[in-house]
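> Provided herewith is a single structure, encoded as structure tokens, for subsequent inquiry.
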Amino acid sequence: MRIFLRLFAVLILLFPLAAFAWGKKPAPVSLRLFCEGNEKEGESFVTPIELTNPPKKVFMRKVPIVTERDIRAFYPFPGRDGMIGAYFLLDPHGADKLEQFTTEDRGKLAVVVVNGRVAAALQVEQRVQDGILYVPGGLLPNEIEMLEAKYPVIGREKEFGKKPPKEKKK
């Protein structure tokens, strides 16, 4: 009898963990926009990263300007590097942060990090007022799939989350 009680107690403890593991959620995706920093700001505020094209060591601020929480929709396209690029439509909060960043930090690098990987580095050349973050390339096909599961494609927002109609049998 004691064995059954112990087994029952263990099952009760494990059930919530199993239920959590069986829940189907879309794969998490993180997309962050960081600003180039300065080594003199200190390691509490900046971190060194190596860029590949062109090869260069830069310091990136640790606090992102825009995150995946600021994205409303996106539009993928073939990138210039053989990978995939995208436009990201930001919510009003993200749009304000992007405009402030591109106004105050003109001439600096903007670094796009997707799932912890540097996807692109861009020179801030002009003020962005339309709330659209442009990433010219560096995104991988599996990252686009994760983004499609989380955000609608620009121009197809009304279709997002709807199941395709079933085909009628003849």
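> May I ask which of 40/62; 40/108; 57/97; 62/97; 62/158; 57/108 have a Cα-Cα span longer than 24 Å here?
Pairs exceeding 24 Å: 57/97; 62/158.
> Just how far, in whole angstrom, is the range 26-92 from the range 116-152 if you go by their alpha carbon centroids?
8 Å
> I'd like the chymotrypsin sites (Phe, Trp or Tyr not before Pro) in the range 85-170 restricted to DSSP loop residues with at most 14 other Cβ atoms within 10 Å, sorted by number.
160
> Could I ask something else about it? Each residue of the range 31-39 in order: what ³J(HN,Hα) in whole Hz does its phi give by Karplus 6.51 cos²θ - 1.76 cosθ + 1.60, θ = phi - 60°, with x for Gly and Pro?
Listing the rounded values in order: 9, 10, 10, 10, 9, 5, x, 10, 3 Hz.
> What share of Cα pairs, in percent, lie more than 23 angstrom apart in the range 31-157? Mind dumping the intermediate values first?
Working: 2271 of 8001 pairs.
Value for the range 31-157: 28 percent of Cα pairs lie more than 23 Å apart.
> While we're looking at this one, here's another question. Show the residues, 5+ positions off or on another chain, whose built amide H is closer than 5 Å to the amide H of residue 120.
112
> At a Förster distance of 22 Å, what's the computed FRET efficiency of residue 117 paired with residue 62, Cβ-Cβ distance as r, to 0.05?
0.85
Where a number appears in this text, it was derived from the coordinates with a stated rule and is not lab data. Note that this is a predicted model, so its numbers are computed, not measured. Note that each Cβ is placed from the backbone with ideal geometry, even for glycine, and that neighbours are counted across all protein chains shown.
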